[in-house]
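Since the structure comes first, as structure tokens, the remarks are kept for the end.
The values are calculated or read from the model by the stated rules, or taken from the named source; none is laboratory data. Since the structure is predicted, the reported quantities are computational estimates derived from the model, not experimental observations. Quick reminder, even Gly has a Cβ in these numbers, built from the backbone with ideal geometry, and neighbours come from all protein chains shown. Surface accessibility is based on the protein's heavy atoms, side chains included, excluding ligands, DNA and RNA. Shrake-Rupley method; radii C 1.70, N 1.55, O 1.52, S 1.80 Å.
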Amino acid sequence: MEFFINCNTSSLAPYTTPLDGLRAQHLYRRLGFSASVQTINQVTGQTANTLVNSLISEAQNMPPLTAPIWADWNNSNYPEDDDQRGQLIRSQQEEFKLAYTQSLLDNNLRDRLSFFWSNHFVTELDVYNCNSFLYHYINCLQRNAIGNFKTFVSEIGLTSAMLYYLDGVYNNGNNPNENYARELYELFTLGEGNGYTEQDIIETAKAISGYVERGELGCEQVVFDASKFNTENKTIFGRTGNWGYDDVIDILFEERANEIGYFICKKLYEFFVHPDSTDEANNAKTIIDGLTATFISNNFEMAPVLSQLFKSQHFFDDEAIGVIIKSPFDLYLHTINETGFTANDSTIGSAINYSGMLGQDLFDPFDVAGWQRNRDWINTNFMIGRWLTMEAIIDGFYQDNPEQFRTFAMDAVGPSNSNTSNPEIVVRAIVDKITPKGLFTQQDFDNAMSSFLIEDVPEEYYSPDYYPGGNSTWVLSMWPSVPLQVQLLLRHLSRQPEYQLK
């Protein structure tokens, strides 16, 4: 697959042209996990300003996932028998994975962001291994997904999942553990080697000490123990005092605002617009500088930054469309949303499992740096895995209900063509609905047509010229083989390079 160089020269000036279908789909593919034909039809013709305001408002006002009954359990709530305990723990995790993935499917920008932040403020369930910690971590991601970044940094650092994952619970004042202090700067706020020294890390570790393991039961929420806090004066970014956790966050955002702003805006840019932000030939740095200024002037509120970006000419430029490789979760969830096929727990569970096989294990990123995204999703093994698992997903939908494939095709062509006898209209409509910019060449489109024109339907059945009175036999809304034809077309398209992009 050819990789894209960022040639986008557009600015952050507002994109004021009413959105066509191509750009409406682009917005939903990036700001959520895509959308149904009906949703795209509804929003086509709206302005970016109206639509982005609506999506941001929805994200800001959306409640987090309802707490499961085990949200505050510790080890004493589980059976003493090892097998029974393990089975219950695993079933709770599966239940929560399904609930969270369903929220990714349903909740557009809020959970596109919560998922993004889970790969920024990384924890790994298999390290901290406690379901109540997992719930409160995801709750923190959802509540802060589009809120204030300073508040977010402060809150996420005190979740038990993070304190266990990055050894904060072993950060005793008399024997500081530097792991979380290092990642706070290197991965979460400043970037590696950017604006901090080794001495800053040592001093910061002392200042954030005291949040230690408690109790004998296990899986208990971490609390502050003043007796384990380092009470010496610490010098952080040139400022000296008996600093504690809240002081560290204040000093960091006061003394390193520009570094934080640029680091986070660059990461948002690479995730939402284009993975290439460093080539000197493009103006990505100018865009990121503009977003950084907005971020800092709004006291690290994220909504104004995202609003500016998602309404911009830069975001809707042709060079921004179809240039990001779908992650495994993108691959499956886009397919579910774009086709409108009925996804049950079994389908969603398969999507979760397949994503794990392809390197995107829900709640368990590869390491503290997270999934490395984009080009790393494409290698020989992963490509074959994508093809085979997509076929399994499509075939599962077909086994559940073949007629939903006809419904999807009729939705794609629209009411005026629901009785079409022209297969090219059908194939083109489906291609346009599930790829960012169609297929690259005419030969690619001809190959897609061939997958749709199955041997069960003689060629002359499509031709009105063949029959007296000018009526062809094959009709989209009625011909019995249509569901199979659409299934075969989707199987074919799911292997194409264009289908791997968003």
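Say whether the condition of being buried (at least 21 other Cβ atoms within 10 Å of the Cβ), modelled with pLDDT of 95 or more and in contact with a Leu (Cβ under 8 Å, 6 or more places away or on another chain) is met by at least one residue in segment 359-380.
no
Before we move on, is Val273 aliphatic (A, V, I, L, M), buried (at least 17 other Cβ atoms within 10 Å of the Cβ) and farther than 16 Å from His314 by Cα? Walk me through how you get there before you give the answer.
On the way: aliphatic (A, V, I, L, M): yes; buried (at least 17 other Cβ atoms within 10 Å of the Cβ): yes; farther than 16 Å from His314 by Cα: no.
It is false that Val273 is aliphatic (A, V, I, L, M), buried (at least 17 other Cβ atoms within 10 Å of the Cβ) and farther than 16 Å from His314 by Cα.
Anything in segment 435-456 that is of a type in the set (Gly, Ala, Ser), within 23 Å of Lys326 (Cβ to Cβ) and either free of Cβ contacts under 8 Å to residues at least 60 places away in the same chain or in contact with a Cys (Cβ under 7 Å, 6 or more places away or on another chain) (or both)? List them, or say none.
If we filter segment 435-456 for residues that are of a type in the set (Gly, Ala, Ser), which is where we start, we get 438, 448, 450-451.
Filter once more, so that each one left must be within 23 Å of Lys326 (Cβ to Cβ): 438, 448, 451.
Residues satisfying the conditions are Ala448, Ser451.
Of the numbered conditions (1) of a type in the set (Gly, Ala, Ser); (2) without any contact (Cβ under 8 Å) to a residue 60 or more places away in the chain; (3) farther than 25 Å from Leu333 by Cβ, Ser477 fails exactly one; give the number of that condition.
So Ser477 meets the others, but not (2).
Which ones in segment 140-171 are of a type in the set (A, V, I, L, M) and either farther than 24 Å from Gly261 by Cα or part of a helix (DSSP H, G or I) (or both)? Spell out how you get there, then give the answer.
First, pick out the residues of segment 140-171 that are of a type in the set (A, V, I, L, M): 141, 145-146, 153, 156, 158, 161-163, 166, 169.
Result: Leu141, Val153, Ile156, Ala161, Met162, Leu163, Val169.
Which residues, counting only those in segment 383-399, are out of contact with any helix residue (DSSP H, G or I) (no Cβ under 8 Å at 6 or more places or on another chain) and not aliphatic (A, V, I, L, M)?
The answer is Trp387, Gln399.
Among the candidates Glu455, Glu460, single out the residue that is surrounded by fewer than 16 Cβ atoms within 10 Å (Cβ to Cβ), assigned to a helix (DSSP H, G or I) and of a type in the set (D, E, K, R).
Numbers: Glu455 fails: assigned to a helix (DSSP H, G or I).
Glu460 is the lone residue from the list that is surrounded by fewer than 16 Cβ atoms within 10 Å (Cβ to Cβ), assigned to a helix (DSSP H, G or I) and of a type in the set (D, E, K, R).
Take Glu216 and tell me if it is open to solvent by 70 Å² or more (accessible area, probe 1.4 Å) and under 21 Å from Ala161 (Cβ atoms). Can you show your working first?
On the way: open to solvent by 70 Å² or more (accessible area, probe 1.4 Å): yes; under 21 Å from Ala161 (Cβ atoms): yes.
Spelling it out, Glu216 is indeed open to solvent by 70 Å² or more (accessible area, probe 1.4 Å) and under 21 Å from Ala161 (Cβ atoms).
When the residues of segment 121-139 are narrowed to those that are surrounded by fewer than 19 Cβ atoms within 10 Å (Cβ to Cβ) and in a loop (DSSP other than H, G, I, E, B), which ends up farthest from the chain's Cα centre (by Cα)?
Asn129
Do we have Asp111 as on the phi < 0 side of the Ramachandran plot and open to solvent by 60 Å² or more (accessible area, probe 1.4 Å) here? Steps first, answer last, please.
Details: on the phi < 0 side of the Ramachandran plot: yes; open to solvent by 60 Å² or more (accessible area, probe 1.4 Å): no.
When the stated conditions are applied, Asp111 does not pass them.
Looking at Asp411, Asp400, Asp432, which one is within 25 Å of Glu94 (Cβ to Cβ), touching a residue at least 12 places away in the same chain (Cβ under 8 Å) and open to solvent by 10 Å² or more (accessible area, probe 1.4 Å)?
Every option except Asp400 fails the conditions.
Given (1) over 16 Å from Phe253 (Cα atoms); (2) of a type in the set (Val, Ile, Thr); (3) open to solvent by 10 Å² or more (accessible area, probe 1.4 Å), identify the lone condition not met by Thr151.
All conditions pass for Thr151, except number (1).
Residue-wise test of (1) open to solvent by 40 Å² or more (accessible area, probe 1.4 Å); (2) at pLDDT 95 or above; (3) more than 21 Å from Gly370 (Cβ to Cβ).
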| residue | (1), (2), (3) |
| --- | --- |
| Glu254 | yes, yes, yes |
| Ala257 | no, yes, yes |
| Ile264 | no, yes, no |
| Ala293 | yes, yes, yes |
| Lys311 | no, yes, yes |
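If I ask for residues that are open to solvent by 80 Å² or more (accessible area, probe 1.4 Å) and closer than 18 Å to Asn172 by Cα, which ones from segment 220-240 would you list? Spell out the reasoning first.
From segment 220-240, those open to solvent by 80 Å² or more (accessible area, probe 1.4 Å) are 224, 227, 231-233, 240; that's our starting set.
Scanning segment 220-240 gives Phe224, Ser227, Thr231, Glu232, Asn233.
Being within 23 Å of Thr17 (Cα to Cα) and aliphatic (A, V, I, L, M) is the filter here; which residues of segment 43-86 pass it?
Val43, Ala48, Leu51, Val52, Leu55, Ile56
Name the single residue, out of those in segment 154-197 being β-branched (Val, Ile, Thr) and either touching a His at 6+ places or on another chain (Cβ under 7 Å) or open to solvent by 50 Å² or more (accessible area, probe 1.4 Å) (or both), that is farthest from Val368 (Cα to Cα). Can you show your working first?
Taking segment 154-197 and keeping what is β-branched (Val, Ile, Thr), we get 156, 159, 169, 189, 197.
Adding the requirement that they be either touching a His at 6+ places or on another chain (Cβ under 7 Å) or open to solvent by 50 Å² or more (accessible area, probe 1.4 Å) (or both) leaves 159, 197.
Values: Thr159: 16, Thr197: 20 Å.
Residue satisfying both the conditions and the ranking: Thr197.
Run down Gly414, Gly438 and say which single residue is at pLDDT 95 or above, within 36 Å of the chain's Cα centre (by Cα) and under 20 Å from Glu403 (Cβ atoms). Can you show your working first?
Working: Gly438 fails: under 20 Å from Glu403 (Cβ atoms).
Among Gly414, Gly438, only Gly414 is at pLDDT 95 or above, within 36 Å of the chain's Cα centre (by Cα) and under 20 Å from Glu403 (Cβ atoms).
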